[in-house]
Amino acid sequence: KDAGIARELGITPAQLAIAWCLKNADVSTVILGASRKEQVIENLAALDKVKLLTDEVMETIEGVLNNRPELPTQF
């Protein structure tokens, strides 16, 4: 399903994943990995794709993942 979302946005699945991490307030650090120069370039292009992840798109992704963290009711 994530490939479908990426396709609708005109980006690669890797760019979608990285952009999601960058946009997600629950993610503190994004670590990139690549074995080829082309992968580094594709990964870094995700920086320009974050703006495509509107609140609506983030909700669509959440619907696919269905793993939003929940705060405990008590501390």
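Every read-out reported here was derived from the displayed coordinates using simple, explicitly stated rules and does not represent laboratory data. Computed from a prediction, not measured in an experiment: that's the story for all the values here. Cβ atoms come from the backbone with ideal geometry, glycine included; neighbour counts cover every protein chain shown.
Simple spin-label model, 7 Å along Cα-to-Cβ: VAL64 to LYS51 in nm?
Between VAL64 and LYS51, the simple spin-label model gives 2.2 nm.
Given the Cα-Cα distance of VAL27 and GLU8 and 0.36 nm per residue of separation, how much length would full extension add, in nm?
Values: separation 19, 0.36 × 19 = 6.84 nm, distance 2.38 nm.
Once the chain is fully extended between VAL27 and GLU8, it gains 4.5 nm.
Give the residue list of GluC sites (Glu not before Pro) in the chain that are DSSP loop and have at most 11 other beta-carbon atoms within 10 angstrom.
Values: sites: GLU8, GLU38, GLU42, GLU56, GLU59, GLU62, GLU70; in loops: GLU70.
Qualifying residues, ordered by number: GLU70.
How high is the relative contact order of the chain, given as a whole-number percent (alpha carbon pairs under 8 Å, six or more residues apart)? Please list the in-between numbers first.
Working: 46 pairs, mean separation 24.7, N = 75.
Taking the mean separation of contacting Cα pairs over the length of the chain, I get 33 percent.
Divide by every residue of the chain the summed helix terms, -39500 (n - 2.57) for each DSSP H run of at least 4, and state the resulting mean residue ellipticity at 222 nm, rounded to the nearest 500 deg cm²/dmol. Kindly include the intermediate steps, with their values, before the conclusion.
Values: 4 runs with 39 residues, N = 75.
The per-residue figure over the chain is -15000 deg cm²/dmol.
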